[in-house]
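Here's the structure we're looking at; comments come further down.
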Amino acid sequence: MKVSSVRDLEKLKAKGMATLCPDKIKIMVGMATCGQSMGAGAVFDAIAAGVKKNKINAVVKKTGCIGLCHEEPLVDVLLPGSPRLTYSRMNQEKVAALLEGLRNGAVIKGALGRMDEDEFLLGDTARPYKKGKVKKEILSVPAYKDLSFYKKQKKIALRNCGTIDPEDICEYIAKGGYFSLASILAKKSPEDVIAEVERSGLRGRGGAGFLTGRKWRICREAEGDEKYIICNADEGDPGAYMDRSLLEGDPHTVIEGMIIAGFAIGAQQGFMYVRAEYPLVLERLKKALKQAEGYGLLGKNIFNSGFSFTITISRGAGAFVCGEETALIKSIEGEWGEPRQRPPFPAQSGLWGKPTVINNVETFANVAPIMVRGASWFSSLGTKQSKGTKVFSLVGKVNRIGLVEVPMGTKLKQLIYDIGGGIPNGRALKAVQTGGPSGGCIPKELINLPVDYEVLAEAGSIMGSGGLIVMDDRTCMVDVAKYFVSFLADESCGKCTPCRVGIKRMKDLLEDITEGRGSREDLVLLENMADAIKESALCGLGKTAPNPVLSTLVYFKDEYLAHIKDKRCPAGVCKALITYTIDRKMCTGCGACVKVCPVSAIEGEKKQPHMIVAEKCIKCGACFEICPAEAVVK
Amino acid sequence: MESFSRSTIDGFIKKYQNGTSSLIATLQDIQEACGYLSRDAIAYFSASAHVPLSKIYCIATFYRSFSLTPRGKNLVSVCLGTACHVKNGENILHKVGRDLGLEACEGTTDDRLFTLEKVRCMGCCSMAPVVRINDDTYGNLNQSAVPKLFAHYRKAEKE
Amino acid sequence: MESNGMISFKIDAIAVTVEQGTTILEAAQQAGISIPTLCHHEALTPYGGCRLCIVEVARGDNRQIVSACAYAAEEGIRVKTATDRIIRLRRFIVGLLLAEAPQAKVLQELAEELGIRAPARFKPRNELCIACGRCIRACREIVGVSAIDFAKRGYEKQAAAPYFERSEDCIGCGTCYAICPTGAITLRDIAEGERFTQPDGSVVDGPARIIDNWKVNFEMKRCKECGEAFAPAFQLEYIKKKAQLADDFFDVCVNCRP
């Protein structure tokens, strides 16, 4: 069936609503990569089999990441007329209890959160789940909006993740999807679209934060009939998985955004550049594209408007540098991913020399909401210069690890403590790292800073794609600098001297420092090199590579000095500068350490205090990990 | 005996020549079909499609996902993303390397059962540190849990 | 831009007018302003990798540091080729390269011009290939053979024959050797009666051409008239085939031709 009008779309909407809010019991299992790697696949299979076997009148659906990654596998249960309940850390035992409860019509205990209504962000409405009286046991479950993890969040890009089935386009349509496209193609001009996006203040969510509307305008005004849209789904920052979750949970919001962008700049073809390491994304995207094509929402003459647009998937092959626009272009062209100098900018001369708009996944996800709700609505959120919301992957040493979306301007402190629940194991916050290898470490003293492009840049970091790594007092900041520099040395394309040679030499210096061979002069040299690389490197990778080094030199100089002057690693991380010993008073002589030591460096009689032979010890940390008496110290 | 099927590669060459498939995508297809970029397959592709061998070698050594040597039956990927790094992912890597007898913490075991590679982020940060073997992901690891991981695959091999 | 396809802009204190498409480097050369280069060669497409030719460009309010060889000049820009900042950065770049290849004469000369020494803190790598890509571009663009290309990425990036083994496509023309700025390519022509033992132990008898880097050796063709060994036989076969020349076209060397 080809969708050629809003009326056709309404039919699909009805279809989607029927599965989104069915009359029967609905069970939703979080099936994004994080859920699956925690065992959601087995949970899904068990529930599906159990429902069939027990002839329970229920439908079992897959859904995307709802953000509560630390509680995976997650299962949501929607009993007709009842609020939606979320169950966490599902295992075979809990599945059995769930099926039991469903069979008996009883409320299953242990729900983590309760949703009273289904928000329809695009329609600015909410559809209540409950009808009539609701059992007390259900009301006693905390409402999502009251959960600390969710209170300060505002989901725009992630609005459908965790609610819709990403493999069913009708559910996306039921949530208002593709109506925006229909309306634009029927009533708006490309100029209208660009003006609206410009007014919204949307800035690139990939990290650089370039004004999206301006980029589209430059491309529209560039000469030529052949233009391209590229979605950058290369997401290379380690610790960042926002784009992965978006594409696994709601691929159509990105697709619709790309089609609208294509219309705005006058492109007929789009590419999705997906990194090699995301197999589930590829799978979900292929399905989504097929469905969209099947309904004529992609292809020729969309909505009978005369506008045609197709999207092709291009797979990455394992190179972080291909997240850089000009390297990405070369990779789609089939070449090795070496960036080139700009100007010319891709918006003027990009893929095969034609004007090209490259935007990040999250940027595209915001387009339909902006077009439907309006630029004023979007720009009412956020700060003066940073409008809207931002998705972050809150990871590292934080209690509630997960995927969150907050209005720009939210303070880092709120992200770490209110949403993240603070630092685990009673340890102290030391720093938060933003922007991946292009970013910097923000010390705990600056934790009141709001999330904002310019504020973070001034503090020596960048917004980046959204990876937010929380670090505690057991993280060595010199080691962190070394980690990022080593990463970039591995990923440098090797074209320009400052990056190819400079980063490697910075890595050598950091290795010397962390292995006890550093000197004070090294710090001066490191800083000078970092400054020079920042100024003379060819592309964004090289230009921002010095940020982790410079920010740690500014905020954590004392740690560098401890490594240099005292040959000591205060956080107890740098192997060469720590020694493992056994506290004779604590040791019970159980011998657990002897069993795990790979080099037989531990001596001792049964039930007698043991000893580590320093010359043999390779500092693998296995004994430290296993000692039940916590007698191993570093 | 050739390590690849000519007809399969011919199909990929056709797509390359008519522009549907880029050079990288074609090499990805060849790797998927042969398990790795075998020397014979590459030479055949180069000659049939008139792509300089030097260019193919350049691309194969630029991108990490390409392998010019045969891979082991089971692919072991240790995540060294930032979240895994701050949770001692390096120690896990070294432990895996020791257990597999791979000193450099990468490469293929002599019995061709395992290939070890480092990956930069699998997006499973909530269960850091993480190791993936084929399609199975193992999280919240400590060093003592590592030996048990391989036992399962070694046992499957014996059967 | 003027309607005749010409662009006017400033380099240092000098006002220049050039054809659209002219790079800053070309314009500077035309104006008699010297900008140091390394990976650039007038016979090859620009690469912009070494970053030695960097200059400051002001375009309206926007300031940037760019490789002059790869930047097509624009109307009204203001270019500065030798500010303190640029000199400092050139010293940095040459310093890094000098630690890579201290034996390279071209780097020693550049260092002297810039008034620097090799940075003492860095252990010299003694690797003459600085990944400038001139040999590769020459082999691809001038000779049209593409026997070599870059291999690996990052610090290990270097020009190589596939698998770092004997190149099957090399025709022994020696253009790579001629165009390499640091002398990283070793080419020897050995005469009749000479013998050379290659690193793998195999022996090559003259007259022959040996290029160590690509592990190739070629028998030289002798002139029917004077008996001189004047070019690799393999190379001549290649040229004959490509240009569709008569089979005996190269039987006589260029000196003996009528």
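The values are calculated or read from the model by the stated rules, or taken from the named source; none is laboratory data. Everything numeric here is computed off the predicted structure, so don't read it as measured data. Note: ideal-geometry Cβ built from the backbone for every residue, glycine included; neighbour counts use all protein chains shown.
Key figures for this structure:
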{"item": "Verdict on B:SER54 being crowded, with 18+ Cβ neighbours inside 10 Å, within 12 Å of another protein chain (Cβ to nearest Cβ) and under 26 Å from A:LYS495 (Cα atoms)", "result": "yes"}
{"item": "Top-ranked residue of the range C:80-104 - restricted to ones that are of a type outside the set (A, V, I, L, M, F, W, C) and not in a helix (DSSP H, G or I), ranked as farthest from C:ASN62 (Cα to Cα)", "result": "C:GLN103"}
{"item": "Residues (β-branched (Val, Ile, Thr) and in a loop (DSSP other than H, G, I, E, B)) located in the range A:137-174", "result": "A:VAL141, A:ILE156, A:THR163, A:ILE164"}
{"item": "Helices (runs of 4 or more DSSP H) wholly inside the range A:522-616 that include at least 1 residues being more than 18 Å from A:GLY460 (Cα to Cα)", "result": "A:557-565, A:592-596"}
{"item": "Residue, farthest from A:LEU488 (Cα to Cα), within the range A:420-435, restricted to residues that are in contact with a Ser or Thr (Cβ under 9 Å, 6 or more places away or on another chain) and surrounded by fewer than 24 Cβ atoms within 10 Å (Cβ to Cβ)", "result": "A:GLY421"}
{"item": "Condition broken by B:GLU103, with the remaining ones in (1) farther than 24 Å from C:GLU156 by Cβ; (2) surrounded by fewer than 18 Cβ atoms within 10 Å (Cβ to Cβ) satisfied", "result": "(1)"}
{"item": "Qualifying helices (runs of 4 or more DSSP H) (wholly inside the range A:301-380; at least 3 residues being within 14 Å of chain B (Cβ to nearest Cβ))", "result": "A:325-332"}
{"item": "Residue within the range C:30-50 that is within 25 Å of C:PHE150 (Cβ to Cβ) and assigned to a helix (DSSP H, G or I) present", "result": "no"}
{"item": "Among the candidates A:ALA365, A:ALA327, residue that is assigned by TED's automatic domain parsing to the domain that holds A:GLY224, within 30 Å of A:MET471 (Cα to Cα) and among the hydrophobic types (A, V, I, L, M, F, W, C)", "result": "A:ALA365"}
{"item": "Strands (runs of 3 or more DSSP E) contained entirely in the range A:1-119, each with at least 1 residues that are under 29 Å from the mean Cα position of the chain (by Cα) and closer than 30 Å to A:ILE302 by Cβ", "result": "A:58-63"}
{"item": "Residue within the range A:519-538 that is small (Gly, Ala, Ser), over 33 Å from the mean Cα position of the chain (by Cα) and more than 8 Å from every other protein chain (Cβ to nearest Cβ) present", "result": "yes"}
{"item": "Every residue from the range B:98-136 that is touching a Pro at 6+ places or on another chain (Cβ under 8 Å) and more than 14 Å from chain A (Cβ to nearest Cβ)", "result": "B:THR108, B:ARG112"}
{"item": "Residues being more than 14 Å from chain B (Cβ to nearest Cβ), touching a residue at least 60 places away in the same chain (Cβ under 8 Å) and part of a helix (DSSP H, G or I) - total across the range A:256-283", "result": "9"}
{"item": "Subset of the range A:353-393 (residues that are at positive phi and free of Cβ contacts under 8 Å to residues at least 40 places away in the same chain)", "result": "A:GLY353"}
{"item": "Meets criteria (within 12 Å of chain C (Cβ to nearest Cβ) and modelled with pLDDT of 95 or more) for A:VAL549", "result": "no"}
{"item": "Complete set of residues in the range C:91-137 that are within 27 Å of A:GLY518 (Cα to Cα), within 20 Å of the chain's Cα centre (by Cα), of a type in the set (D, E, K, R) and surrounded by fewer than 23 Cβ atoms within 10 Å (Cβ to Cβ)", "result": "C:GLU127"}
{"item": "Answer from C:ILE136, C:ILE171 - the residue that is β-branched (Val, Ile, Thr), within 14 Å of another protein chain (Cβ to nearest Cβ), more than 20 Å from A:PRO498 (Cβ to Cβ) and in a helix (DSSP H, G or I)", "result": "C:ILE136"}
{"item": "Single match in A:GLY105, A:GLY81, A:GLY113, A:GLY101 (criterion: over 21 Å from A:CYS34 (Cβ atoms) and touching a Phe, Trp or Tyr at 6+ places or on another chain (Cβ under 9 Å))", "result": "A:GLY81"}
{"item": "Enumeration of residues in the range A:62-78 that are surrounded by fewer than 23 Cβ atoms within 10 Å (Cβ to Cβ) and either more than 14 Å from every other protein chain (Cβ to nearest Cβ) or without any contact (Cβ under 8 Å) to a residue 40 or more places away in the chain (or both)", "result": "A:LYS62, A:ASP76, A:VAL77"}
{"item": "Whichever residue in the range A:582-627 is farther than 21 Å from B:LYS87 by Cα and in contact with a helix residue (DSSP H, G or I) (Cβ under 6 Å, 6 or more places away or on another chain) and, among such residues, is surrounded by the most Cβ atoms within 10 Å (Cβ to Cβ)", "result": "A:ILE602"}
{"item": "Residues that are in contact with a Phe, Trp or Tyr (Cβ under 7 Å, 6 or more places away or on another chain) and free of Cβ contacts under 8 Å to residues at least 40 places away in the same chain, drawn from the range C:204-219", "result": "C:VAL204, C:ALA208, C:ARG209, C:ILE210"}
{"item": "Selection status of C:GLU19, farther than 29 Å from C:LEU107 by Cα, surrounded by fewer than 14 Cβ atoms within 10 Å (Cβ to Cβ), among the charged types (D, E, K, R) and not assigned by TED's automatic domain parsing to the domain that holds C:VAL143", "result": "yes"}
{"item": "Looking only at the range A:206-240, and only at residues there that are charged (D, E, K, R) and within 18 Å of A:ALA368 (Cα to Cα), the one that is surrounded by the fewest Cβ atoms within 10 Å (Cβ to Cβ)", "result": "A:ARG214"}
{"item": "Matching residues, the range C:235-248, being closer than 15 Å to C:ARG222 by Cβ and either touching a Phe, Trp or Tyr at 6+ places or on another chain (Cβ under 8 Å) or surrounded by 12 or more Cβ atoms within 10 Å (Cβ to Cβ) (or both)", "result": "C:GLN235, C:LEU236, C:GLU237"}
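Yes/no per residue for (1) at the interface with another protein chain (Cβ under 10 Å from one of its Cβ atoms); (2) touching a residue at least 12 places away in the same chain (Cβ under 8 Å); (3) over 24 Å from A:GLU72 (Cα atoms):
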residue	(1), (2), (3)
B:PHE66	yes, yes, yes
B:ARG71	no, yes, yes
B:VAL78	no, yes, no
B:ASN140	yes, yes, no
B:LYS148	no, no, no
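This table checks each residue for (1) under 30 Å from A:CYS496 (Cα atoms); (2) in contact (Cβ under 8 Å) with a residue 40 or more places away in the chain; (3) in a loop (DSSP other than H, G, I, E, B).
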position: C:ARG166; (1), (2), (3): yes, yes, yes
position: C:ALA184; (1), (2), (3): yes, yes, yes
position: C:ASP200; (1), (2), (3): no, no, yes
position: C:LEU236; (1), (2), (3): no, no, no
